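Q: Take this structure first; my questions come after.
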Amino acid sequence: MGHAVDDAALNTVFRDARSYTKWQPRSVPDETLRDLYELLKWAPTSANAAPARFAFLRSKESKERLRPALAPLNVEKTMTAPVTVIVAYDLKFYERLPKLFPQNPGMAKLFESSPEMVETTAQRNSSLQGAYLIMAARALGLDCGPMSGFDHAKVDEEFFAAGKPCFGCDQEFFSEGHVKTNFLCNLGYGDPRSLHPRLPRLPFNEACSLL
């Protein structure tokens, strides 16, 4: 039985894909970033809530704003990447549920009355959307370098504090402090000369069970 996509596509998205720390001097067009979002937006999320918010840092100025929050080992790889994405989540995502999940009008109030459920849902589902970002980027021919190793509070203060516009696609949007950072992901065209031999992964019988 054949795969729904061929082996070449599976190799691109999974088997041959690597995490890059060094980059070729090639820019990523804005149109590619828009195409990227048009793919990742189909990620499944609880109640179709789509809590993730994506800030694409492309300019030198925006990267410099990020620099003070980065761990030392992450500075060069981030400053030289064509794009760094702040994958974040909106703690008021439920305000958009009447549009995104109209079949259940009471869902927004359910979240509004439970801050703990909001936080858990936003973190889990924005992580899922961030994983889709990585797969979509690889499918479009981009390489990725997802990472932790930064000061979340500094990133939130610099990019998502009240009164600071954070998303270029909507100049009227201000986060008012309810958008929080999940993780960072560098995007571009990786330099294959920087790769080390691929590290092992757990085999099926060490990571899975059939019940």
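Q: What residues qualify as long-range amide H neighbours of Asn182, i.e. H under 5 Å apart, gap of 5 or more or another chain, H built at 1.01 Å from N?
A: The list, which skips near neighbours in sequence, is Val87, Ala88, Tyr89.
Q: Same structure again: Apply the a/c threshold of 1.5 to the C-alpha gyration tensor of the chain and tell me whether it is rounded, prolate or oblate.
A: Taking the square roots of the gyration eigenvalues as a ≥ b ≥ c, the chain is oblate.
Q: What FRET efficiency comes out for the pair Asp151/Met117, r = Cβ-Cβ distance, R0 = 30 Å, nearest 0.05?
A: Efficiency for this residue pair is about 0.65.
Q: Right, here's the next one. For a protection proxy built on the mean count of beta-carbon atoms within 10 angstrom, sort 128-135, 55-62 highest first, please.
A: The peptides rank, most packed first, as 128-135, 55-62.
Q: Evaluate the charge dipole of segment 25-188 about its Cα centre and quote only its size in Debye, nearest 20, assuming +1 on the Cβ of each Lys and Arg and -1 on the Cβ of each Asp and Glu.
A: Here the size comes out at about 260 debye.
Q: Return His196, His152 ranked ascending by Cβ neighbour count within 10 Å, so the fewest neighbours appear first.
A: His196, His152
Q: Right, something else. Using the Cα centre of segment 25-188 as origin and beta-carbon charges of +1 (Lys, Arg) and -1 (Asp, Glu), tell me which of Asn125, Leu36, Phe111 is placed farthest towards the positive end of the dipole.
A: Leu36
Bear in mind that the values in this text are calculations on the coordinates, not laboratory data. Owing to the predicted nature of the structure, the values given are computational and were not obtained by experimental measurement. In this analysis, Cβ positions are derived from the backbone assuming ideal geometry, glycine residues included, and neighbour counts consider all displayed protein chains.
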